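The values are calculated or read from the model by the stated rules, or taken from the named source; none is laboratory data. Just so we're clear, the structure is a prediction, and the values are computed from it rather than from any experiment. Glycine also receives a Cβ, built like all others from the backbone with ideal geometry; neighbour counts cover every protein chain displayed. Only protein heavy atoms, including side chains, enter the accessible area calculation; ligands, DNA and RNA are left aside. Shrake-Rupley method; radii C 1.70, N 1.55, O 1.52, S 1.80 Å.
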Amino acid sequence: MPHLSIREATEADVPTITRFVYALAEYEKLAHEAKGTEADFHAALFGTPRRAGCLVAEVGGEAAGIALYHWTFSTFLAKHGRWLEDLWVEPRFRRQGIAKALFARLAKDTLAEGGGRLAWSVLDWNTPAIATYDAMGAEALKEWITRRLAGDALATLAKEAA
């Protein structure tokens with residue numbers, strides 16, 4: 001394999017990030033939910049305030065994958081952490097250690113900035129990803145159920161705010 005490098009995304013990466021997010025949405029059978037534009041990703045990653053970050057994995061100078069994250073906070077640890085929102089490795093670059101390298105860099109950066117956790121979710125049918133996470137020693141939090149409000153439900157609840 002040619003040289004693998006991992007770096008923070010730059011503004012020039014926004015089209016690639018957008019394309020990779022849409023490829024992930026297609027893979028996860030959630031393309032109908034993908035609405036973000038290049039302008040949206042640019043604002044989130046490079047606007048003020050910055051709402052998210054992204055690592056880019058390159059193989060021989062070509063974008064091979066991304067890890068898009070945002071910051072969280074644990075009241076129990078009284079420390080921030082990172083939530084990995086999306087990880088994507090282009091199919092032709094898979095099984096070369098790129099996903100693990102992205103996770104390793106996220107872990108290193110999280111600890112370097114004083115963080116206490118790196119967390120993410122995975123679809124229960126995505127057995128290749130789950131196997132990778134298990135091999136890294138990731139803990140499955142089976143007693144936690146993720147919930148969310150979005151779209152009309154979010155708007156309806158927001159109307160109840162004084």
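The table for this structure:
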read-out	value
Residue among Trp83, Ala107, Ala155 farthest towards the positive dipole end of the chain, charges placed on Cβ	Ala107
Whole-Hz couplings from phi, Karplus 6.51/-1.76/1.60, listed for region 148-155; x for Gly and Pro	7, 10, 8, x, 4, 4, 5, 5
Surrounding net charge for Lys108, when Lys and Arg each add one and Asp and Glu each subtract one, Cβ distance under 15 Å	+2
Relative contact order computed over the chain (Cα-Cα under 8 Å; 6+ residues apart), in percent	18
Listed residue (Ala34, Ala23, Ala52) projecting farthest to the positive dipole end of the chain, Cβ model	Ala52
Highest to lowest packing among 71-82, 45-56, 93-104, 150-161, scored as the average C-beta count within 10 Å	93-104, 45-56, 71-82, 150-161
Per residue solvent-accessible surface (Å²) - region 15-135, probe of 1.4 Å	56
Summed side-chain charge close to Leu149 - residues other than Leu149 whose Cβ falls under 13 Å, Lys, Arg +1, Asp, Glu -1	+1
Approximate spin-label separation Lys29-Lys79, in nm, with each point projected 7 Å along Cα-to-Cβ	3.8
Highest-fluctuation residue, Tyr133, Tyr27, Tyr69 considered, GNM on the chain with Cα pairs under 10 Å	Tyr27
Only Lys, Arg (+1) and Asp, Glu (-1) charged, at Cβ; region 76-157 dipole about Cα centre in debye	240
Longest to shortest principal axis, alpha-carbon extents of region 54-117, angstrom	41, 19, 17
Test item: Cα-centred dipole of region 1-133, Lys/Arg +1 and Asp/Glu -1 on Cβ, debye	440
Surface share of carbon and sulfur [accessible, 1.4 angstrom probe, percent] for the chain	57
Value in Å of the Kirkwood radius, where region 1-144 supplies the Cα pairs that are averaged	15.9
